[in-house]
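Working notes, structure below.
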Amino acid sequence: MAIRKYFQGRVRGNSVLQGYNYGEYPKHNFRSINEPEHIYPFWTSSVGPDEWHCKCYRERKNSDTFAIEYVQEGIFIFQQNNITYRVLPGEIFLVNLGKNSSMRCETEFALKKTVIMEGVLLPQTLSVLGLDRVDVISSPDHAQLDHYFDRLYELNGENRLKSRRESSGLCYSLLVELAEIATIRQRPAELQKALDYIHSHLTEPVSLDELVRYAGTSKATLHRQFRKYLQTSPVNYWLDQKLERAKSLLQTHPYSVKEVAEMLCYASSQYFAAEFKKKYGVSPKTVKCRLIG
């Protein structure tokens, strides 16, 4: 029987990587380069498919890694700077430099393709392209993305100067492609303000009037933007995010179900447990036991 074990990754200054493994998962089927490529502005230290189980978990604090995570199968729950995203197949999430993030999969198994990129010009380029302010990207052109990821995987398996040159150029092209997609599909400012407000007030009651006033728009416009970009309503989004925060707290902290319910301002732990089971199909106590076990 597979066992869930605590994982402590590398610590570099203020950057910490930690989490949980479950048996052989996560299975990083990467092609990696360990020697720094100082002559190239961009290079891929690791590229390849990454298999996950729902009992795996990773958390980064002050990340010293930039990773492009392209979901292939299953659903990943990605959190960066206290905003939680449900990332579907065909979508990408970015683990950005200097940020706090965590990831796990909602489905029992999930698969993603990973590109971990480094280089002397990487931080500056991410800033210029605006990718340092992007968490999740949804692209309509999956064939083009597959080409980038698959070709970078091939190039990391070749120990040739020509391969390094092509890989460096391809890294830059991929970053530009992602920046263009993110710009085209950028959320309206009013919607982003509403999302920021929700995520900073998950431990407090939030009314629709407050949300509309903070976002600086009308109820009709806000409802329309939530439907268009998030396929839900403002109230349902807020309730879902409260439950996601609850699940994350149960997973990563020694809080009891009652303590989590109180922290997130539920009327009672019984009501919290009922809402939790309605969304996830299991009780919060069961989830906590599974994550510990």
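The values are calculated or read from the model by the stated rules, or taken from the named source; none is laboratory data. Treat the numbers as computed from the prediction; the structure is a model and nothing was measured. Note that each Cβ is placed from the backbone with ideal geometry, even for glycine, and that neighbours are counted across all protein chains shown. Only protein heavy atoms, including side chains, enter the accessible area calculation; ligands, DNA and RNA are left aside. Shrake-Rupley method; radii C 1.70, N 1.55, O 1.52, S 1.80 Å.
Can you say whether E108 is open to solvent by 40 Å² or more (accessible area, probe 1.4 Å), touching a Cys at 6+ places or on another chain (Cβ under 9 Å) and of a type outside the set (S, T, N, Q), as far as the supplied structure shows? Steps first, answer last, please.
Details: open to solvent by 40 Å² or more (accessible area, probe 1.4 Å): yes; touching a Cys at 6+ places or on another chain (Cβ under 9 Å): yes; of a type outside the set (S, T, N, Q): yes.
Taking the combined requirement at face value, the residue satisfies it.
Can you tell me which of I92, I75 is without any contact (Cβ under 8 Å) to a residue 40 or more places away in the chain and farther than 22 Å from V16 by Cα? Quick ask: steps written out before the conclusion?
Values: I92 fails: without any contact (Cβ under 8 Å) to a residue 40 or more places away in the chain.
After ruling out the rest, the residue left standing is I75.
Please go through the range 199-222 and give me each residue that is of a type outside the set (S, T, N, Q) and touching a helix residue (DSSP H, G or I) at 6+ places or on another chain (Cβ under 7 Å), ordered by number. Give the steps one after another, and end with the answer.
Initially, the range 199-222 is screened for residues of a type outside the set (S, T, N, Q), giving 199, 201-202, 204-206, 208-216, 219-220, 222.
If the condition is that a residue be of a type outside the set (S, T, N, Q) and touching a helix residue (DSSP H, G or I) at 6+ places or on another chain (Cβ under 7 Å), then H199, L202, V206, L208, L211, V212, Y214, A215, G216, K219, L222 are the ones that fit.
Name every residue in the range 139-168 that is touching a residue at least 40 places away in the same chain (Cβ under 8 Å) and open to solvent by less than 50 Å² (accessible area, probe 1.4 Å), in order of residue number.
S139, L145, F149, L152, L155, N156, R164, S167, S168
Restricting the range 111-124 to residues that are touching a Gly at 6+ places or on another chain (Cβ under 8 Å) and closer than 22 Å to G169 by Cβ, which is most open to solvent (accessible area, probe 1.4 Å)?
Our first condition is that a residue be touching a Gly at 6+ places or on another chain (Cβ under 8 Å); within the range 111-124, this holds for 111, 113-114.
Still in the running and closer than 22 Å to G169 by Cβ: 113-114.
Working: K113: 43, T114: 2 Å².
Across the range 111-124, the extreme among qualifying residues is K113.
Applying the selection to the range 21-35, what residues are in a strand (DSSP E or B) and open to solvent by less than 70 Å² (accessible area, probe 1.4 Å)?
In the first step, residues of the range 21-35 are kept if they are in a strand (DSSP E or B); the result is 21-22, 25, 27-28, 31-32.
N21, Y22, Y25, K27, S32, listed by residue number.
Scan the range 125-138 for residues that are open to solvent by 10 Å² or more (accessible area, probe 1.4 Å), over 15 Å from S173 (Cα atoms) and not basic (K, R) and report the count.
Matching residues across the range 125-138 total 6.
Residues being part of a strand (DSSP E or B) and either open to solvent by less than 40 Å² (accessible area, probe 1.4 Å) or closer than 15 Å to L174 by Cα (or both): count how many of those fall in the range 39-55.
9
When both residues are 6+ apart or on different chains and their Cβ atoms are under 8 Å apart, which pairs have a first residue that lies in the range 259-287 and is within 15 Å of L202 (Cα to Cα), and a second that is polar (S, T, N, Q) and in a helix (DSSP H, G or I)?
A261/S269; E262/S269
Filter the range 56-78 down to the residues that are open to solvent by less than 40 Å² (accessible area, probe 1.4 Å) and part of a loop (DSSP other than H, G, I, E, B), then identify the one that is farthest from D240 (Cα to Cα).
Filtering first and then ranking leaves T65.
Scanning the range 257-285 for residues that are farther than 28 Å from L208 by Cα and open to solvent by less than 50 Å² (accessible area, probe 1.4 Å), which turns out modelled with the lowest pLDDT?
Pass one, the range 257-285, residues farther than 28 Å from L208 by Cα: 282-283, 285.
Restricting the remaining residues to those that are open to solvent by less than 50 Å² (accessible area, probe 1.4 Å) gives 282-283.
Values: V282: 85, S283: 88.
In this case the residue turns out to be V282.
For the range 128-246, which helices (runs of 4 or more DSSP H) that fit wholly inside it have 1 or more residues that are under 26 Å from Y70 (Cβ atoms) and either modelled with pLDDT under 90 or hydrophobic (A, V, I, L, M, F, W, C) (or both)?
On the way: elements: 142-156, 161-184, 189-200, 208-215, 219-230.
So the answer is 142-156, 161-184, 189-200, 219-230.
Quick check: anything in the range 203-216 within 25 Å of the chain's Cα centre (by Cα), charged (D, E, K, R) and open to solvent by 40 Å² or more (accessible area, probe 1.4 Å)?
Looking through the range 203-216, at least one residue is within 25 Å of the chain's Cα centre (by Cα), charged (D, E, K, R) and open to solvent by 40 Å² or more (accessible area, probe 1.4 Å).
Among the residues that make up the range 219-228, is at least one of them among the aromatic types (F, W, Y) and within 30 Å of D141 (Cβ to Cβ)? Talk me through it step by step, then tell me what you get.
So the first thing to find is which residues in the range 219-228 are among the aromatic types (F, W, Y), and the list is 226.
This time we only want the ones that are within 30 Å of D141 (Cβ to Cβ), so: 226.
Among the residues of the range 219-228, at least one is among the aromatic types (F, W, Y) and within 30 Å of D141 (Cβ to Cβ), which makes the answer yes.
Looking at (1) touching a Leu at 6+ places or on another chain (Cβ under 6 Å); (2) assigned to a strand (DSSP E or B); (3) more than 26 Å from A143 (Cβ to Cβ), can you tell me which one V16 breaks?
V16 satisfies all of (1) touching a Leu at 6+ places or on another chain (Cβ under 6 Å); (2) assigned to a strand (DSSP E or B); (3) more than 26 Å from A143 (Cβ to Cβ) except (1).
Consider Y153 carefully, then state whether it is in contact with a Gly (Cβ under 7 Å, 6 or more places away or on another chain) and either within 26 Å of N81 (Cα to Cα) or not basic (K, R) (or both). Break it down stepwise before answering.
Working: in contact with a Gly (Cβ under 7 Å, 6 or more places away or on another chain): yes; either within 26 Å of N81 (Cα to Cα) or not basic (K, R) (or both): yes.
Answer is yes for this residue.
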